[in-house]
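Accompanying notes for the structure given below.
The values are calculated or read from the model by the stated rules, or taken from the named source; none is laboratory data. Just so it is clear, the structure is predicted and the values come from calculations on it, not from any experiment. FYI the Cβ positions are ideal-geometry reconstructions off the backbone, even for glycines, and counts take in every protein chain you see. Keep in mind that these areas ignore ligands, DNA and RNA; they rest on the heavy atoms of the full protein, side chains included. Shrake-Rupley method; radii C 1.70, N 1.55, O 1.52, S 1.80 Å.
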Amino acid sequence: MAHGQYGVDLDALDQVIKELNHVLKEMGDSTSTATNSTYLPKGALGEGFTEESLLYGAHGKVKGDIEKMMHMVEGLIDTFGKKSSKVRGAYQDAEADNSMNLK
C-alpha cells in the first residue's frame with residue numbers, strides 16, 4: 001500500500017458483526033428472563049402486612065426499569081451492528097470498484 005492510502009480489514013469488520021450478533025442473541029435470553037422469570041406472585045411473602053403494597057409496587061417498578069434498559073441496550077447494539085454491516089458492504093463495493101478500474 002502506497003503512502004497516504006488507507007486499508008480496511010473486512011475480516012475484522014466481519015468479526016465485529018459476528019460478535020455483535022452473538023451479544024444480541026445472549027441479550028435476548030437475558031431480556032426474556034427479565035420479562036418472564038422475574039415475578040413476585042401476590043402472597044409469596046405473606047399477606048396483610050403494612051409494607052405489602054409498597055414491596056410489590058417497588059418490585060414492579062424495578063422489573064419494568066430493567067426490561068426498559070435491556071431493550072435500550074439491545075437497540076443500541078442492533079443499530080451498531082447494522083451500521084457496521086453497512087460500512088463493511090460499502091468498503092467491499094469500493095474495493096471491487098477500485099480493482100475493476102485498475103484493469
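Things worth noting here:
- Residues that are open to solvent by 60 Å² or more (accessible area, probe 1.4 Å) and part of a helix (DSSP H, G or I) within region 91-103 comprise TYR91, GLN92, ASP93, GLU95, ASP97, ASN98, MET100, ASN101, LEU102, listed in sequence order.
- Test result for THR50, polar (S, T, N, Q), more than 28 Å from the chain's Cα centre (by Cα) and open to solvent by 60 Å² or more (accessible area, probe 1.4 Å): yes
- Which numbered condition LYS25 fails, given (1) basic (Lys, Arg); (2) over 30 Å from LEU10 (Cβ atoms); (3) assigned to a helix (DSSP H, G or I); (4) at pLDDT below 90: (2)
- Scoring THR38 on the criteria (1) out of contact with any Lys or Arg (no Cβ under 6 Å at 6 or more places or on another chain); (2) free of Cβ contacts under 8 Å to residues at least 60 places away in the same chain; (3) not in a helix (DSSP H, G or I) leaves a single failure, condition (1).
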